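Worksheet for the structure shown next.
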Amino acid sequence: MSGLRALPRQVRLPGFDTINADHLRIALGVSRSVLHRWRKDHGFPKGYRCGNAVVSLEAEVAQWLRAHGVEVVE
């Protein structure tokens, strides 16, 4: 699981359909570069541009986190 050691044990997601990349970084406690690396190397769900923001589908993020042993609280 190299490269994923920054994963927290538990993450609280807001419970909406999408999550803004900035809110996602705060919830996971990681930088933009870490999110990029997870997307590139570890299959983290891709982001979609929505105006000036990048959003991800929260259900996909939660599924990926659970698959990597993270408890997701919504």
Query - All positions within region 32-44 that are in contact with a helix residue (DSSP H, G or I) (Cβ under 9 Å, 6 or more places away or on another chain), more than 19 Å from Glu71 (Cβ to Cβ) and touching a residue at least 12 places away in the same chain (Cβ under 8 Å) - result: Val34, Leu35, Gly43
Query - Matching residues, region 40-58, being outside any helix (DSSP H, G or I) and among the basic types (Lys, Arg) - result: Lys46, Arg49
Requested in this report: Answer yes or no: is there a residue in region 7-26 that is surrounded by fewer than 15 Cβ atoms within 10 Å (Cβ to Cβ), in contact with a Lys or Arg (Cβ under 7 Å, 6 or more places away or on another chain) and among the β-branched types (Val, Ile, Thr).
Outcome: no
Report task. Taking the residues in region 59-74 that are in a helix (DSSP H, G or I) and in contact with an Asp or Glu (Cβ under 9 Å, 6 or more places away or on another chain) as candidates, determine which candidate is surrounded by the fewest Cβ atoms within 10 Å (Cβ to Cβ). Result -> Ala59
Report summary line: Among His68, His36, the single one that is closer than 20 Å to Leu4 by Cα and more than 11 Å from the chain's Cα centre (by Cα) is His68
Requested in this report: Return the residue satisfying two criteria in turn: it lies in region 27-58 and is surrounded by 14 or more Cβ atoms within 10 Å (Cβ to Cβ) and small (Gly, Ala, Ser), and of such residues it is nearest to Pro8 (Cα to Cα).
Outcome: Ala27
Query raised in the report: Can you find even one residue in region 24-39 that is part of a loop (DSSP other than H, G, I, E, B) and touching a Pro at 6+ places or on another chain (Cβ under 7 Å)?
Result: yes
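Table: residues versus (1) among the aliphatic types (A, V, I, L, M); (2) in contact with a strand residue (DSSP E or B) (Cβ under 9 Å, 6 or more places away or on another chain).
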site	(1), (2)
Asp17	no, yes
Ser31	no, no
Arg37	no, no
Gly43	no, no
Val72	yes, yes
Requested in this report: Name the residue, out of Gly47, Gly29, that is closer than 17 Å to Glu71 by Cβ, free of Cβ contacts under 8 Å to residues at least 40 places away in the same chain and not aliphatic (A, V, I, L, M).
Outcome: Gly29
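A short reminder: the numbers here are calculations on the coordinates, not readings from a lab. In this text, all values refer to a predicted model and were calculated from it rather than measured experimentally. In this analysis, Cβ positions are derived from the backbone assuming ideal geometry, glycine residues included, and neighbour counts consider all displayed protein chains.
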